[in-house]
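These notes concern the structure reproduced below.
Readers should treat all values here as calculations from the given coordinates under stated rules, not as data from a laboratory. Note that this is a predicted model, so its numbers are computed, not measured. Cβ placement follows ideal geometry from the backbone for every residue including glycine, while neighbour counts extend to all protein chains displayed.
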Amino acid sequence: MSRHAVVIGGGIIGLATCFEFQEAGFEVTLIEPDPISGATHHAGGMLAPTAEVQYQQHELVPLMRESAQLYPDLIRRVGQHTDLPTGYRTEGTLLIGADRADGQHLTELIDYVKAADLDIEPLTTRHARQLEPGLSPRIVKVAAIDGDHQLDPRLFARALYDAVLSRGAQHIREAVETITPQAVGLTSGKRVAVESTGVVVLAAGLGAAKITGWFDGEHPLQLRPVYGDIVRVRVPEALQPLTNRVIRGFVEDRPIYVIPRDDGTVTIGATSREDSPHPRTSAIHDLLRDAIRIV
Ligand SMILES: Cc1cc2nc3c(=O)[nH]c(=O)nc-3n(C[C@H](O)[C@H](O)[C@H](O)COP(=O)(O)OP(=O)(O)OC[C@H]3O[C@@H](n4cnc5c(N)ncnc54)[C@H](O)[C@@H]3O)c2cc1C
């Protein structure tokens, strides 16, 4: 008899969790009012254990590296249960320093990344522009990270959702309010029983902070929203492909990325702020200006 897993939240984490439970022989119930509507819908989709290395966070490096190594197999296995595309691409990433100070920043980052035993290769700007003619002639420093890949999060999440449903998952289109050892309580007042051998996974992103019943005292998840602006533009036919690799860089110390997609669009991101969920014209201007500085 198969065991039962209840997964709360249908973003990339919840859907991938549903998929892996099915791989392990579980019956799965997904509870999600509006699949792929959270951070997953807005994300860049860079699978970047090297470019994302942060000073003082070296404990994360083995996890990031292993996570990236798991992706090709995950993509392959999901593809056995759906025909939908994932936007998974392995051309790699170029990291750019726009001016001299950004170049110095990049030099220090290369040393830090190498010390973490991750692969990064400095290139001459001439060599980089042979690889990617769309790069600006004004950039001063470049490094190649062949192991940093990308997927299209909207496409991959849809592929996961399709695969999970095709394997028989039940989808309840409602929001969860409470979790107890016996049941998951929905906003409609209905309850989904949890078997004694069952598993409940809370993967509701920011929404997890409002779900109660599974702890004593103060809510253990003190989450706060961080918003970001991200721009998607269609590249004219004559300029296709703008680049083949993901281009990330620093422009006057501001991070910027340009992600080419299979559908001829590029995704340019991202700002990061905590004040308002609404997009800003000034942020769109800043993103386009910095992207044009490197591509
Ligand atoms: C602008 C931007 C760019 C990013 N770029 C990258 C990147 O390049 N690479 C990278 O690795 N990460 C990136 N991220 C981070 C990435 O988006 C998140 O880490 C990831 O999407 C989190 O997925 P999730 O499934 O945990 O959450 P979400 O995608 O937010 O999904 C949570 C789901 O839970 C559901 N939910 C909420 N409350 C309830 C409830 N009460 N009951 C049931 N369901 C509920 C929501 O409807 C939602 O569908 C980026 C994020 C942003 C904002």
*Could you run the Karplus curve 6.51 cos²θ - 1.76 cosθ + 1.60 with θ = phi - 60° over segment 182-194 and give me ³J(HN,Hα) per residue in whole Hz, x for Gly and Pro?*
8, 7, 9, x, 9, 5, 6, x, 5, 10, 9, 5, 10
_Backbone HN-Hα couplings from phi across segment 224-231 [Karplus 6.51/-1.76/1.60, Hz, Gly and Pro as x]_ = 9, x, 10, 9, x, 8, 9, 10
*Summing -39500 (n - 2.57) over the DSSP H runs of n ≥ 4 in the chain and dividing by its residue number, what mean residue ellipticity at 222 nm do you reach, to the nearest 500 deg cm²/dmol?*
-9000 deg cm²/dmol
*Kindly write out, for segment 140-150 in residue order, the coupling ³J(HN,Hα) from the Karplus curve 6.51 cos²θ - 1.76 cosθ + 1.60 (θ = phi - 60°), rounded to whole Hz, with x marking Gly and Pro.*
10, 8, 9, 9, 9, 10, 5, x, 8, 10, 8
_Shape of segment 152-193, Cα gyration tensor, a/c cut at 1.5_ = prolate
*Describe numerically, in nm with one decimal, the distance between label points set 7 Å from Cα along Cα→Cβ at Glu59 and at Tyr112.*
1.8 nm
*Determine the dipole magnitude for the chain: charges of +1 sit on the beta-carbon of Lys and Arg, -1 on that of Asp and Glu, nothing else is charged, the reference point is the Cα centre, and the result goes in debye to the nearest 20.*
620 debye
*Rank Glu108, Glu59, Glu195 by mean-square fluctuation in a GNM of the chain with C-alpha springs under 10 angstrom and give only the top-ranked residue.*
Glu59
*Taking neighbour counts of Cβ atoms within 10 Å as a proxy for exposure, in what order, fewest first, do Arg280, Arg154, Arg224 appear?*
Arg224, Arg280, Arg154
